[in-house]
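**Q** Mind having a look at this structure? Questions to follow.
Read the figures in this text as sums done on the coordinates, not as results from a lab. Owing to the predicted nature of the structure, the values given are computational and were not obtained by experimental measurement. When we count neighbours, we look across all protein chains shown, and the Cβ atoms used for this are built from the backbone with ideal geometry, even at glycine.
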Amino acid sequence: MVQSTRITTTPTVVLLLGLAVLLLSSTTTAFVAPLPRRPAAALYRPAARALTPRAPRAMTTTARHFKNFDEMLEQLEVPVLVDFYAQWCGPCVMMQPVLEDVAGRLENVAKVAKVDTDKSPRLGSRYQVEALPTLILFYKGQVIDKYIGYRNADDLEKEVRASMARIPGLPK
C-alpha cells in the first residue's frame, strides 16, 4: 500500500531503513513504500535440486565396474570425457545438463565420467586441475585434450569431436 506523506527537507539523498523514498524538492509530497520483506536465507539459497548432481545418461547405462580410475581409462575402447567438478561450484552445476546432452550425442563414440574433486583430490592434483569445471578427454589412459570452464553443448561437442579426429587409429 502506498502512503502519501508531507516531508520537508533539502534536496539530498535520504536513506531510511526498510523504506524506499522518492524526494522531488525541498518541500514536496513524497511517496513512501515499504520494501518487500523476504527472509535473508531466501536471497542466497539456490534450489536444492540445482545443487544435486545427476549422473549423465551415458554413465547410468553402463553396467561395467572397474577397480579404479586408471583401469577404467585403460580398458575402455572409446575416449572418455571426464568432468572434474565440485558440488559447491556454480558453473559445475550449470554444466550438468550440458554433459547429459553431450553424453547422449556421443553415446556410441565416447563415454562421459565425473570426478568430484572434493572426494578425490589426488586425481585432481594428478591431472593438474586448477579451475572448475575442468573436462579432460582421455584415450587408452592418455590425456588427449583439456577444456576449462563452462561451455554450451554444441561448442563442447564440436571441441570433443575435433580432438577425437586427431587421435590416430580411432575409428571415425
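**Q** Which value does Rg/Rh take for region 77-172 over its C-alpha atoms, Rh per Kirkwood? Provide the component values of the computation, followed by the final result.
**A** Details: Rg = 12.7 Å, Rh = 13.4 Å.
Over the Cα atoms of region 77-172, Rg/Rh equals 0.94.
**Q** What distance in nm lies between label points placed 7 Å from Cα along the C-beta direction at residue 87 and residue 148?
**A** 2.7 nm
**Q** Just to confirm a number: summing +1 for Lys and Arg and -1 for Asp and Glu over residues other than residue 87 whose beta-carbon lies under 10 angstrom from that of residue 87, what do you get?
**A** Values: positive: 119; negative: 116, 118.
Taking every Cβ under 10 Å from that of residue 87, the sum is -1.
**Q** Can you tell me what the convex hull of the Cα atoms of region 123-172 projects to on average, as an area in nm²? Before the final figure, lay out the partial values.
**A** Details: hull surface 15.4 nm².
In nm², the orientation-averaged hull projection of region 123-172 is 3.9.
**Q** Using only alpha carbon pairs under 8 Å that are at least six residues apart, calculate the relative contact order of region 66-172 and give it in whole percent. Don't skip to the answer; put the middle values down first.
**A** Details: 147 pairs, mean separation 36.6, N = 107.
In percent, rounded to a whole number, it is 34.
**Q** Within region 74-108, find all residues whose amide N lies under 15 Å from a label point positioned 7 Å from the Cα of residue 140 along Cα-to-beta-carbon.
**A** Backbone N within reach: 74-80.
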